[in-house]
Ligand SMILES: C[S@@+](CC[C@H](N)C(=O)[O-])C[C@H]1O[C@@H](n2cnc3c(N)ncnc32)[C@H](O)[C@@H]1O
């Protein structure tokens, strides 16, 4: 889920939150869709990839193993702190890393991964950012934040280049807490209204983003597949579950649709688990 994230400031993503969610994101990604991505694109000896809203580079760390031996990534992010963290995290993740001509060149499990970092505001400069002739346009945990128009533009620009598209971990509206609480439904309803709030891109698509993505690429003649990447949080995931509940309650509080006393009562419950629905989307050109 992207939209309930604890944030450093409005529309800014907290580094600690991204670190906390990364292992759960990686284990939750749809294996079927990953295999399909690998089958379709993994045979190419060289591939160029654009990652939108890269955060600290989690999507690269999860997706690069599915692709071929020579990869050229452009990581786009508006937050300078996250780009700096991305460099550090990728250097730690790789077996070796060196700077070369403004790029970071990583070696990991027999793959050579050249990474360029671009600071850009996707909400303002989307078409310019997409204008890189990538073979694959990708993102993770981004598309529920963006607007219908943003999704339409991405699909149109990707289709114009006959490139492939893959996005992981788009929130799809499913949310269940363990144990249940009598206020769950009231909070869920308030949260739904928060989901469509502007996250910097205009009215957010929220949980209908996966459907909008599929429809837009389907319309462009792409072969679209979806996979389930829901978070199943249980024992061992306490820190993420707690942060998630706090972020969820903060979003609900902002709507003022649930009385504070009810919210406090809901927050007082120790949660042992949660299910947060996500969808992965792969679109292959005709
Ligand atoms: C939920 S985080 C996901 C980060 C990363 N893709 C991951 O999976 O960990 C959403 C990311 O989109 C970035 N973002 C949000 N609005 C943006 C914009 N207008 N331009 C560029 N990046 C943006 C945020 O800074 C954040 O890093």
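The values are calculated or read from the model by the stated rules, or taken from the named source; none is laboratory data. What you see is a predicted model, and the numbers here were worked out from it, not measured in a lab. Cβ atoms come from the backbone with ideal geometry, glycine included; neighbour counts cover every protein chain shown.
The table for this structure:
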{"read-out": "Among residues of segment 107-141, those that are more than 22 Å from the chain's Cα centre (by Cα) and either in a loop (DSSP other than H, G, I, E, B) or more than 30 Å from residue 210 (Cβ to Cβ) (or both), counted", "value": "4"}
{"read-out": "Subset of segment 254-278 that is in contact with a helix residue (DSSP H, G or I) (Cβ under 6 Å, 6 or more places away or on another chain) and in a loop (DSSP other than H, G, I, E, B) - its residue that is farthest from residue 144 (Cα to Cα)", "value": "271"}
{"read-out": "Residue ranges of helices (runs of 4 or more DSSP H) in segment 143-220 with at least 2 members in contact with a strand residue (DSSP E or B) (Cβ under 6 Å, 6 or more places away or on another chain) and within 16 Å of the ligand (Cβ to nearest atom)", "value": "209-219"}
{"read-out": "Residue list for segment 62-84, restricted to those being in contact with a helix residue (DSSP H, G or I) (Cβ under 8 Å, 6 or more places away or on another chain) and either surrounded by fewer than 21 Cβ atoms within 10 Å (Cβ to Cβ) or in a loop (DSSP other than H, G, I, E, B) (or both)", "value": "62, 66, 67, 68, 78, 81"}
{"read-out": "For residue 97: the one exception among (1) at pLDDT 95 or above; (2) within 12 Å of the ligand (Cβ to nearest atom); (3) surrounded by fewer than 20 Cβ atoms within 10 Å (Cβ to Cβ)", "value": "(2)"}
{"read-out": "Among (1) over 19 Å from residue 193 (Cα atoms); (2) assigned to a helix (DSSP H, G or I); (3) touching a helix residue (DSSP H, G or I) at 6+ places or on another chain (Cβ under 6 Å) - the single one residue 251 does not satisfy", "value": "(1)"}
{"read-out": "Segment 51-81, subset under 21 Å from residue 28 (Cβ atoms) and out of contact with any strand residue (DSSP E or B) (no Cβ under 8 Å at 6 or more places or on another chain), residue nearest to the ligand (Cβ to nearest atom)", "value": "56"}
